[in-house]
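Here is the structure we will look at.
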Amino acid sequence: MSEWLDMTACQMKAAMAAGRTSSRELVAASLARIERLDGRIGAFLSTRGEQALAEAEAIDRRRASGEPLGPLAGVPVAVKDNLCTADGLATTCASRMLENFRAPYSAHVVERIVAADGVIVGKCNLDEFAMGSSTENSSSGPTRNPWSLDCVPGGSSGGSAAAVAARMVPLALGSDTGGSIRQPASHCGIVGLKPTYGRVSRYGLVAFASSLDQIGPMARTAEDAALLLGVIAGHDARDATSVAEAPPDYAAAMDAVDVSRLRIGMPREYFGEGLDAEVDQLVREAIRTFAEAGAEIVEVDLPHAPYAVAAYYLVATAEASSNLARYDGVHYGRRASEHAGLVDMYSRSRAEGFGDEVKRRIMLGTYALSSGYYDAYYLKALKVRRLIKRDFDRALEQVDCLMGPICPTAAFRFGEKTEDPLQMYLSDIYTISANLATIPGLSVPCGRTSAGLPVGLQMLGDVFSEGLLLGAARWLERARGGEGGDALGRPAILDEEGVA
Amino acid sequence: MSDERSVRLVVGLEVHVHMKTRTKLFCSCATSFGDPPNTHCCPVCLGMPGVLPVMNREAYRLGVMTAMALGCTINERTKWDRKHYYYPDLPKNYQISQYDRPLGEHGLLEIETPAGRKAVRILRVHLEEDAGKLNHAPGGEECSEVDLNRAGTPLLEIVSEPDITSVEEARAYCTSLRQLVTYLGVSEANMQMGHMRFEPNINLHVAEHGETFATPIVELKNLNSFRAVERSIAFEARRQLAEWDETHRTLKAAGKTTRGYNDDTGETFVQREKEEAHDYRYFPEPDLVVVTPEASWLEELQQTLPELPLAKKDRFVREFGLGEYDAGVLTATIEMARYFEAVAAASGSPKAAANWVTQGLAREMNERGVTAESEADFPVTASHLAELVRAVESGTINKQAGDKVLRAMIDTGRTAGEIIEAEGLAQTSDAGDLDRWIEEALAANPGPAADYRAGKKQALGRIMGHIMKASKGKANPRLVTERLEKKLSE
């Protein structure tokens, strides 16, 4: 029954615990909706129907016999296809380079979900190697926005966002290097959280830019996002950059948030030129809701914000050019069938395997690291990065968190920005700073434009303030008269689906 | 004019030392040698998508120890960098190395040359991962096989300043370094297994017509024996001088080139005609964190440093009164030094112990083709040898019998005491027995006895020989000599 899928993960857990439904029923409903709708949306690159059902049945049996179950017991979950899975599904990164790559290991986060008794139903589309803001750069074709099939879902975690928005799964994992969780969450009307760098182990996440990449939850409510974050956060000895401190109890941290005492900063630089009027209005309205509840709103400055995009596209591409050097056709992945010698094999394999955007970024990054340019580009970008971090440190001395837009506009139409990479890069203008500064950032729905497209409110906080951001987001959901997507209504495509 | 010129050889050495860690530098695969290809690999050392390196703390500890032993400043913040180049034996197409913050810098290695001791300055010591190996398939097939067992194993790179000015110094530097890393337990430094690789940078400073010219620097790649280091440098020195005479090309004009070395011919050859502008695009490794060793940890490590070879040698000379040569032999390896010190302590006679180790035992080991790479390789234990030393020093047996006992100890595994007892080798000091043997000898050798009385002191040897033979070596030679001399002067 597809109405089970209107429930949040927390509601599903309660319903299973009360015996009103089973994991098998939920997983079957999830797979059935993917089957019916995904031909039009394109959220998934692969599904694991039989295996997922078998796992769900096993969990149901364990529940029946009174065994203790993990915090995600029986809940269908989707993961972005740049997270390695050793279960037989390919890990393609939406790239021809890895179209047949099957990892012999699972990402740390995948292990955590499995250990928490979550049921992974499939893997989601993305911009190739997570490089993009629209999920148009996928070797398997684009994902469509469930709110408007003519529009992009955002990116690069567009598949994960669309899968949650179309209620195929209540929970999904994305990865965020410059906004790749928050921006598609905003465009698809769901909650997306990029945790503090190091909060979640990157082991098994196919690297785009190692110093910026972070895995995070995507869900329809802040509470569900907190549930998934609680499962994936924590130290992992296999990732040297993973932080040792144990994560807090996020439910308790959310409960502890008192909005009437909150000091909220509005970065002046995030409300200037280029921001769409409707987005501006929706975001300000959301912030006003907090003010009406007693929160103090102050304007703050992030003076180096104008340099964030430039610094980001040097740091991220430099690291990407290095991280992607391993895809050479020698040990795994695509190898050109015709070649004349080693160097030609390298060139042809990479020419065939990578899409245009990936090639563009490899070239940019290679240039930025080249002898004679390193100081002027990469090293300077690192200096700007430190200044951006300092901007946030100073701002967050005055306020508890910052609020502003996620993206200058709501979801755009297919092809609108593909011809102009710079325009595409600028759609990350408000999100990339959090990655450069290593702080957490969250997107929570705050309304829809006149065209019916969702808009997200961005919340940024100090390192390890995920609990605060999630608590504030849940407060907004409730203040708006629903939780997460519910206040937005339902994407029309769900009603076209008919009663199955 | 040309006979007025002087030519100075200038050499700096980069040495790669294969470290003796149980596991690789960034994953938990075993470091091994000679196993079937690709049996010690995991996703990390295969450079698969999404996996991450984690630093081997033991490798770091051994690296810091080496840098300390070389008197380097240990960087308070040391970091990792990626060095990029494409090659099939390098799975990530970058090597994790250390660029601008090596773990140690600015040290010294004291070496012994025929001309005396000399301190060679150390520029830097850093850690990096090794690459795998390409085996080019036989039969001219157009394919190569990649073996990644070695990929990711830890290497210590030690770079000297260009302070080496002769082939002998180069050899001394390499052997001293080998001695040092084995003393520290950082490497087995097995040359046959390629545990040390040498890359000399060589040029000449030619002073003529009142000016000094530097010839183009040549870097020789991947030498793996001391002999190759010596021969290749000697060859380069000759070749560069001949080239200088012919072309007068200077370092400024020609820069640096890389040459290979053919061990069969002893000659170097052009590898890259012009130095390819290799751009390694170094940048900080974002998957690893900066290493900031705590001061207390460094202090503790400093205190655990063993006594270094030359200090030990000097102490042996000073404390035990050994000669330079013997002290050198006894400190050549840490195993030898430890063994000797144990024998010296247990016997109470360091000098005699040194003689037994460097002569008697060394001879027996030579004959048996045994080299001591570990304590277990010594054919008798230190305490057993000490027992023998005590037996000889106390006069229980004489030196000759001692040699016999040592052979028997090695062959049978019995102790000196057991052998002396069983073979009845203990010396006789009984005056009655000694006098009887002396009488017999004098009676049998009237000529030498007369010669001695006439002043020919060396005639005593014949008589002594007779006595030792008659007593089957048991007569205490010191007492015999005393009594015999007394008898003859009566």
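The values are calculated or read from the model by the stated rules, or taken from the named source; none is laboratory data. Since the structure is predicted, the reported quantities are computational estimates derived from the model, not experimental observations. Neighbour counts run over all protein chains shown; Cβ positions are idealised from the backbone, glycine included. Side chains included, ligands, DNA and RNA excluded: accessible areas come from the protein's heavy atoms. Shrake-Rupley method; radii C 1.70, N 1.55, O 1.52, S 1.80 Å.
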Separation of the B:ALA454 and B:ALA214 label points, Cα + 7 Å toward Cβ, nm:
7.7 nm
Neighbours of A:TYR367 by Cβ distance under 12 Å: Lys/Arg at +1, Asp/Glu at -1, summed charge +2
With a ≥ b ≥ c the root eigenvalues of the C-alpha gyration tensor of region A:1-124, is it rounded (a/c under 1.5), prolate (a/b larger than b/c) or oblate?
oblate
If you take every residue apart from B:ASP403 with its C-beta less than 10 Å away from the C-beta of B:ASP403, what net charge results, scoring Lys and Arg +1 and Asp and Glu -1?
+3
Within region B:411-441, backbone nitrogen closer than 16 Å to the virtual label 7 Å beyond the Cα of B:GLU490 toward Cβ:
B:431-441
Name the shape class, rounded, prolate or oblate, that the alpha-carbon gyration tensor gives for region B:62-109, where a ≥ b ≥ c are the square roots of its eigenvalues, rounded holds for a/c under 1.5, and otherwise prolate holds if a/b is larger than b/c and oblate otherwise.
prolate
Given a Förster distance of 60 Å, report the FRET efficiency between B:LYS399 and B:ARG22 from their Cβ-Cβ distance, rounded to the nearest 0.05.
0.85
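With only Lys, Arg, Asp and Glu charged, each at its Cβ (+1 for the first two, -1 for the last two), find how big the charge dipole of region B:307-415 is about the Cα centre; round to the nearest 20 debye. Working shown, then result.
Numbers: 13 positive and 16 negative charges, 61 e Å.
Result for region B:307-415 is approximately 300 debye, rounded to the nearest 20.
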Of all the stretches in chain A, which is the longest one without any exposed loop site, taking GluC sites (Glu not before Pro) in a DSSP loop (any state but H, G, I, E, B) with at most 12 other Cβ atoms within 10 Å?
A:1-244
Quote the charge dipole size of region A:105-257 about the Cα centre in Debye, to the nearest 20; the model charges only the Cβ of Lys and Arg (+1) and of Asp and Glu (-1).
180 debye
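Find me the longest stretch of chain B that has none of the exposed chymotrypsin sites (Phe, Trp or Tyr not before Pro), where exposed means in a DSSP loop (not H, G, I, E or B) with at most 15 other Cβ atoms within 10 Å.
Numbers: sites that count: B:PHE33, B:TYR85, B:TYR86.
With chymotrypsin sites (Phe, Trp or Tyr not before Pro) excluded where exposed in loops, chain B gives B:87-490 as its longest stretch.
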Simple spin-label model, 7 Å along Cα-to-Cβ: B:ALA376 to B:ARG5 in nm?
5.7 nm
What does the charge count around B:SER489 come to, taking other residues whose C-beta lies under 12 Å from its C-beta (Lys +1, Arg +1, Asp -1, Glu -1)?
+2
In degrees rounded to 10, the 0-90 angle between helix B:460-470 Cα long axis and the longest Cα principal axis of chain B is 90 degrees
What is the list of residues in region A:378-399 whose amide nitrogen lies under 11 Å from a point 7 angstrom out from the Cα of A:GLU296, following Cα to Cβ?
A:398-399
Given chain A, what percent of its DSSP beta bridges are antiparallel, to the nearest 5?
65 percent
Taking 30 Å as the cut-off for C-alpha to C-alpha distance, list the pairs among A:LYS383/B:LYS256; A:LYS194/B:LYS92; B:LYS221/B:LYS312; B:LYS79/B:LYS256; B:LYS92/B:LYS221 that go past it.
A:LYS383/B:LYS256; B:LYS221/B:LYS312
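Using r as the Cβ-Cβ distance of A:ARG478 and B:SER32, and R0 as 45 Å, what FRET efficiency do you calculate, to the nearest 0.05? Intermediate results must be reported in sequence, preceding the final value.
On the way: r = 60 Å, r/R0 = 1.34.
Efficiency at R0 = 45 Å is approximately 0.15.
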Would you tell me the accessible area of A:LEU89, worked out with a 1.4 angstrom probe on the heavy atoms of the protein chains, in Å² to the nearest 10?
20 Å²
If I model a spin label at B:ARG249 and B:ARG414 as a point 7 Å from the Cα along the Cα→Cβ vector, what separation in nanometres do I get?
7.3 nm
Dipole size in debye (nearest 20) for chain A around its Cα centre, Lys and Arg Cβ +1, Asp and Glu Cβ -1?
660 debye
Return the sequence-ordered ³J(HN,Hα) values of region A:464-473 in whole Hz as given by the Karplus equation 6.51 cos²θ - 1.76 cosθ + 1.60 applied to θ = phi - 60°, using x for Gly and Pro.
6, 9, 3, x, 4, 4, 5, x, 5, 5
If the reach is capped at under 18 angstrom between alpha carbons, list the aspartates and glutamates near B:LYS404, excluding any in the same chain fewer than eight residues apart.
B:GLU364, B:GLU367, B:GLU387, B:GLU393, B:GLU418, B:GLU421, B:GLU423
1/(1 + (r/R0)^6) with r = Cβ-Cβ of A:GLU3 and A:TYR367, R0 = 41 Å, i.e. FRET efficiency to nearest 0.05, evaluates to 0.15
Could you point to the residue in B:LEU177, B:ILE96, B:THR257 farthest towards the positive end of region B:2-278's charge dipole, with +1 and -1 charges on the Cβ of Lys/Arg and Asp/Glu respectively?
B:ILE96
Picking from A:LEU228, B:ILE122, A:CYS93, whose Cα lies most toward the positive end of the charge dipole for the protein assembly as shown (charges on Cβ: Lys, Arg +1; Asp, Glu -1)?
B:ILE122
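Would you calculate a helix-derived [θ] at 222 nm for chain A, using -39,500 (n - 2.57) for each DSSP H run of n ≥ 4 and dividing by the full residue count, to the nearest 500? Don't jump to the answer; show the numbers that get you there.
Details: 18 runs with 196 residues, N = 500.
That comes out to -12000 deg cm²/dmol.
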Along region A:366-376, what does the Karplus equation 6.51 cos²θ - 1.76 cosθ + 1.60 (θ = phi - 60°) give for ³J(HN,Hα), rounded to whole Hz, x for Gly and Pro?
4, 4, 5, 9, 5, 4, x, 10, 3, 5, 6
Could you tell me which residue out of B:THR371, B:PHE198, A:TYR307 lies farthest along the dipole of the protein assembly as shown toward its positive end? Charges go on the beta carbon: Lys and Arg +1, Asp and Glu -1, centred on the Cα centre.
B:THR371
Descending accessible area (1.4 Å probe), largest on the left, turns B:SER160, A:SER337 into A:SER337, B:SER160
Mind running the shape call on region B:368-407? Use the C-alpha gyration tensor, a ≥ b ≥ c as the square roots of the eigenvalues: rounded below 1.5 for a/c, prolate if a/b tops b/c, oblate otherwise.
oblate
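Grab the Cα-Cα distance for B:CYS42 and B:ALA426, subtract it from 0.36 nm times how many residues apart they are, and report the gain in nm with one decimal.
131.9 nm is the gain from fully extending B:CYS42 to B:ALA426.
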Under-5 Å amide H pairs with B:ILE122, H placed in peptide plane, nonlocal only:
B:GLY107, B:LEU108, B:LEU109, B:GLU161
Please report, in whole Å, how far the alpha carbons of region B:431-488 spread along each principal axis, starting with the longest.
28, 18, 16
Spin-label zone in region A:9-33 - amide nitrogen under 19 Å from a point set 7 Å from the Cα of A:ARG61 along the C-beta vector:
A:22-28
